[in-house]
Amino acid sequence: MKRVFIIHGWGGNPDEPWLKWLKQQLEAKDYEATNPKMPNTWNPKISEWVNRLNQSVGEPNEDTYFVGHSIGCQAIMRYLEQLPENQKVGGVIFVAGWFNLTDETWDEIYTKKIAKEWVHGTINFSKIKKHTDKFLDIASDDDPYVPLSDTELFKNNLGAKIIVVKRMGHIAGDNGVNELPVVLEELLKMME
């Protein structure tokens with residue numbers, strides 16, 4: 001059975017509108033969908049989030065897929081990075097994922113303190129790509145936190161397909177995003 005793990009972002013939770021909607025849509029199509037509550041969500045730490053993914057996923061395989069939002073995308077990459085070399089997964093969709101933050105966001109002291117390990121920590125892309133070659137990055141053209149140029153980093157470092165949506169901000173509930181059909185459509189294609 002195909003399994004999908006939907007990972008929320010910084011300050012987020014599994015009940016955010018489009019994440020919950022996606023889980024319901026997948027379950028209606030008889031896929032196993034899991035929305036784990038990530039630890040310490042307002043002060044996320046790489047080790048804690050990777051540990052939670054290890055606990056939630058158990059033994060991944062080619063029928064295991066991931067959808068991440070914001071810092072959840074980083075957590076998925078760091079999770080994949082630490083898997084044994086021969087461990088395969090089905091694919092990954094990043095939504096509002098980032099490597100960098102906009103200058104306005106980075107200038108906030110609170111953000112800088114928390115994001116430092118995520119932004120400045122090294123990511124081994126060659127290790128990540130050993131686990132799957134199916135990556136998609138979905139970004140909004142007006143995200144206030146993530147520079148649109150990060151889409152090129154997903155493309156160049158992971159070979160990710162890129163989709164840019166219009167006027168969805170950080171693609172979250174507070175941007176009025178309650179459903180995200182593009183994620184469902186692309187995930188179903190990826191799982192064929």
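Things to note:
- Globularity ratio of the chain, using Cα Rg and 2.2 N^0.38 Å: 0.93
- Subtracting the Cα-Cα distance of residue 102 and residue 174 from their residue separation scaled by 0.36 nm leaves 24.1 nm.
- Dipole size of the stretch 106-166 about its Cα centre, with +1 on Lys/Arg Cβ and -1 on Asp/Glu Cβ: approximately 440 debye, rounded to the nearest 20.
- Full-stretch length increase - residue 142, residue 28 - with 0.36 nm per residue and alpha-carbon distance subtracted: 37.9 nm
- Across every direction, the projection of the convex hull enclosing the Cα atoms of the stretch 134-187 has a mean area of 3.7 nm².
- Computed 3J(HN,Hα) for the stretch 80-91, one whole-Hz value per residue from the Karplus formula 6.51 cos²θ - 1.76 cosθ + 1.60 where θ = phi - 60°, is 4, 4, 9, 5, x, 3, 8, 7, 9, 10, x, x, glycine and proline marked x.
- Ordering 44-56, 119-131 by mean Cβ neighbour count within 10 Å, with the highest value first, yields 44-56, 119-131.
- Residue pairs exceeding 18 angstrom between C-alpha atoms, taken from 2/161; 134/189; 37/161: 2/161; 37/161.
- Here the relative contact order of the stretch 1-40, from alpha carbon pairs under 8 Å that lie six or more residues apart, stands at 55 percent.
- Size of the stretch 63-153: Rg and Dmax of its alpha carbons, in Å, are 13.6, 41.
- Taken about its Cα centre, the stretch 3-190 carries a charge dipole of about 420 debye when Lys and Arg each add +1 at the Cβ and Asp and Glu each add -1 at the Cβ.
Coordinate-derived values only; no laboratory data. Predicted model, so just to flag it, every value in this text is computed and none were measured. In this analysis, Cβ positions are derived from the backbone assuming ideal geometry, glycine residues included, and neighbour counts consider all displayed protein chains.
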